[in-house]
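Here the structure comes first, spelled out in structure tokens, and everything after it is commentary.
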Amino acid sequence: MKKIVTSIALLLAATFIFAQVSSKEAEQAYKILESTDDTLAYHGDYSATISLVIEKPGKPKENLQYKIYERTDKDLMTIVQIFPQADKGKGYLRDGDNIWTYDPISRKFTHTSIKEALGDSDVKLDDVNQSKTRWRDNYNIAEFKTGTLGKYEVYIITLDAKTTEPSYQKSTLYIRKDIPLVLKEEDFSGSGRLMRTILIPKYSKVPAGYVATQIIMKDELNKGESTQQVISDLTFDKLPDRLFTKAYLEGLN
């Protein structure tokens, strides 16, 4: 019996060692992830309108709309809700690691997390965070391989969160080989349960790079629940500093 237990332990140890990603593979994976950021149009300052359509079984579709302002090289971000009218003026403000939500009725700010969801949607604040350093800062490379997704050859990179900032403990990304664009993301709990699937069926090319103009997020815990995100009104002009202040949100109402 002792020999059997020892053999099983050695087998598990060998499997664990075999499953490790080499430092060379990890570095390649990080560079691919960073290249997805370089390919996107979000560099420096930008603004956009985010429209969300939320579907839940037995309920009418819900439409939300936000205006986002971001300065990616400074980790500054402001999001303001512009629809529906009843929630107009609700906002989010990020300055580095500090994130606040703003309630225009009480006129109070509440310190919150990057894991906060936009309204009742499946979109998290970290989904719209474009900080390039987030990959190396927040994740270890758990697995790196190649495969196909539909008609595309892809890199398949699995990430394990090493900080508490990511909304999910584990994520697997499917990235096109010819152009480094994320086509699909699967988000898992710490126990390995699939929590959310993100599909990105549509990108648009603009002078500054590519923009994911349509994103579909499926809640895998509550079947039938999904959020479709559409990006419009993109600008890449220098934004005034006042947009990234509490005073700006307070002055909207």
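The values are calculated or read from the model by the stated rules, or taken from the named source; none is laboratory data. Bear in mind the structure is a predicted one, so any value in this text is a computation, not a measurement. In this analysis, Cβ positions are derived from the backbone assuming ideal geometry, glycine residues included, and neighbour counts consider all displayed protein chains. When the accessible area is computed, the model is the full protein with side chains, heavy atoms only, and any ligands, DNA or RNA have been set aside. Shrake-Rupley method; radii C 1.70, N 1.55, O 1.52, S 1.80 Å.
Taking the conditions exactly as written (touching a residue at least 24 places away in the same chain (Cβ under 8 Å) and of a type in the set (Lys, Arg)), does residue 196 satisfy them or not?
Values: touching a residue at least 24 places away in the same chain (Cβ under 8 Å): yes; of a type in the set (Lys, Arg): yes.
Yes, satisfied.
Just to be sure I understand the filter: pairs with C-beta atoms under 8 Å, separated by 6 or more residues or on different chains, first member in segment 199-228 and closer than 20 Å to residue 168 by Cα, second member among the acidic types (Asp, Glu) and open to solvent by 50 Å² or more (accessible area, probe 1.4 Å). Which pairs pass?
As it stands, the answer is 225/55; 226/55; 227/55; 228/55, since those pairs meet every condition given.
State all residues of segment 91-105 that are touching a helix residue (DSSP H, G or I) at 6+ places or on another chain (Cβ under 9 Å) and either over 14 Å from residue 251 (Cα atoms) or buried (at least 21 other Cβ atoms within 10 Å of the Cβ) (or both); if no residue qualifies, say none. Let's see the steps before the verdict.
Filtering segment 91-105 down to residues touching a helix residue (DSSP H, G or I) at 6+ places or on another chain (Cβ under 9 Å) leaves 91-96, 99-100, 102, 104.
Those that are touching a helix residue (DSSP H, G or I) at 6+ places or on another chain (Cβ under 9 Å) and either over 14 Å from residue 251 (Cα atoms) or buried (at least 21 other Cβ atoms within 10 Å of the Cβ) (or both): 91, 92, 93, 94, 95, 96, 99, 100, 102.
Failed condition for residue 247, given (1) surrounded by fewer than 18 Cβ atoms within 10 Å (Cβ to Cβ); (2) outside any helix (DSSP H, G or I), with all others met?
Tallying (1) surrounded by fewer than 18 Cβ atoms within 10 Å (Cβ to Cβ); (2) outside any helix (DSSP H, G or I), residue 247 fails exactly one: (2).
Could you say whether any residue in segment 186-195 is within 28 Å of residue 47 (Cβ to Cβ), acidic (Asp, Glu) and open to solvent by less than 40 Å² (accessible area, probe 1.4 Å)? I'd like the intermediate steps shown before the answer.
As a first pass, look at segment 186-195 and keep what is within 28 Å of residue 47 (Cβ to Cβ): 187.
Of the ones still in play, those that are also acidic (Asp, Glu) are 187.
In the following step, the residues that additionally are open to solvent by less than 40 Å² (accessible area, probe 1.4 Å) were identified as 187.
Yes, segment 186-195 has at least one match.
In segment 54-90, how many residues are open to solvent by less than 40 Å² (accessible area, probe 1.4 Å) and in a strand (DSSP E or B)?
The qualifying residues number 13.
What pairs come up if the first residue lies in segment 91-106 and is among the charged types (D, E, K, R) and assigned to a strand (DSSP E or B), the second is modelled with pLDDT of 95 or more and open to solvent by less than 30 Å² (accessible area, probe 1.4 Å), and their beta carbons are under 7 Å apart, counting only those six or more places apart or on different chains?
95/244
Considering only segment 31-50, how many residues are out of contact with any Ser or Thr (no Cβ under 7 Å at 6 or more places or on another chain), polar (S, T, N, Q) and in a strand (DSSP E or B)?
The qualifying residues number 0.
So residue 208 passes all but one of these: (1) at pLDDT below 95; (2) open to solvent by 70 Å² or more (accessible area, probe 1.4 Å). Which condition number does it fail?
Residue 208 satisfies every listed condition except (2).
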